[in-house]
Amino acid sequence: MSLLAAVADFLKPSPPIDPALGKALDKVAELVDPLLRMAPNFEKQLAYPLQHALGYCDGLLAALPGPMDINRQAFANDPLVHALFATAEDIDQMLGRSQAVRDFLAEPCSSESDHFYALFAARRRHKKQLGMEQQGDIIQNDVPQLVLYFSDQTLVEPSCQLEITCEKLRCRGLESLLHTFHDHVQSLRLERQGLRSDASIQRAHLAVLRGTTPGQEYIVGSRHLAELDARLHQSSESLMPAQLLEALAEFLAAPEPALHLSPISITVDRLGIVRDQTSDDINLHTLNFSELTARDKRQHLTMLARISRDEALEAVEMVRDQQHRFMLI
């Protein structure tokens, strides 16, 4: 390549940033720290890690079960839906009390389809009890049993188009990762604040000792202050934009510990009592689902759900009527 061609190639304007990557970079500045934009090579250094993180979120979405219908018929026929709710009426209560569903149904676009899609999430719970159990022709009382049930059922990002729901969930996945890193940054700042306070107290203590006859206590205190100053310097360095940018790039390149799905398989009977998978009882069902672990470390069963718009409207009206009656009473 000639010198002229090399100069021309160097002066050529950079290609425009992919819109999805541009939005992701904006989220980094918004959710982590605006000062990161001042770091050298902000866009270049984060381009690949962000693309990797977005691709990882796409993989999580692709691994989610569903879309599965959640309604009264599914409660009667689908063992998993039956396990997710104590009664069929609880499905109506979930729909009617969901602010996300209410907001969605209030939008004109909600009438574009008879159904809408959303991410369904619930917390898996267990409780121990003493119950009856039949073994052959013998019925035993006070048999220890473990019961599976779910709580905190909720719907996230409802939309008439599954693609739109998935795109919003993809953005939420990245935001969850950025919030996790932001929490890490906040921890570093609190650590630096604590070190500053400790160093200030130690300096004041040494000033008092300096007015007396220097001794072993002063020597030990001086050594401790030097250690605090070294740790404070290291802590301050780690919070510089360039160092934070490098740490964020490493975090986004390996997001699995902060956001991941775990496959779960549990065999239960119709009452939700956990049973041995090796049993040949025809009334048992093995439930296979995935649990998502995010920034709060709590695990949520997650799957894509399909909801009837008419059933959701009826549920919202029913709950609104119940709340109105309660206010009158």
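The values are calculated or read from the model by the stated rules, or taken from the named source; none is laboratory data. Because the structure is predicted, anything quoted here is derived from the model rather than measured. Because the Cβ atoms are built from the backbone with ideal geometry, glycine has one as well, and the counts that use them run over all protein chains shown.
Of the helices (runs of 4 or more DSSP H) entirely within the stretch 1-85, those holding at least 3 residues that are modelled with pLDDT under 95, more than 30 Å from Ala118 (Cβ to Cβ) and of a type outside the set (Phe, Trp, Tyr) occupy 3-11, 42-63. Within the stretch 34-59, the set of residues being under 16 Å from Glu167 (Cβ atoms) and acidic (Asp, Glu) comprises just one member, Asp58.
Among the residues of the stretch 147-171, those that are out of contact with any Phe, Trp or Tyr (no Cβ under 6 Å at 6 or more places or on another chain), assigned to a helix (DSSP H, G or I) and buried (at least 16 other Cβ atoms within 10 Å of the Cβ) comprise Cys166, Glu167, Lys168, Leu169, Arg170, Cys171. Scanning the stretch 75-120 for residues being touching a strand residue (DSSP E or B) at 6+ places or on another chain (Cβ under 7 Å), of a type in the set (Gly, Ala, Ser) and buried (at least 17 other Cβ atoms within 10 Å of the Cβ) gives a total of 4. Listed by first and then second residue, the pairs linking a residue in the stretch 125-148 that is at positive phi to a residue that is surrounded by 13 or more Cβ atoms within 10 Å (Cβ to Cβ), with Cβ atoms under 9 Å apart and 6 or more places separating them unless they lie on different chains, are Asp142/Gly131.
Count of the stretch 195-230 residues, restricted to those that are in a helix (DSSP H, G or I), touching a helix residue (DSSP H, G or I) at 6+ places or on another chain (Cβ under 9 Å) and loosely packed, with under 13 Cβ neighbours inside 10 Å, is 2. Within this structure, Leu188 fails the test of being among the aliphatic types (A, V, I, L, M) and touching a strand residue (DSSP E or B) at 6+ places or on another chain (Cβ under 6 Å). Taking each residue of the stretch 241-257 that is touching a residue at least 60 places away in the same chain (Cβ under 8 Å) and under 25 Å from Thr293 (Cβ atoms) and looking for partners that are surrounded by 15 or more Cβ atoms within 10 Å (Cβ to Cβ) and of a type in the set (Ser, Thr, Tyr) with beta-carbon atoms closer than 7 Å, six or more apart or interchain, yields Pro255/Tyr56.
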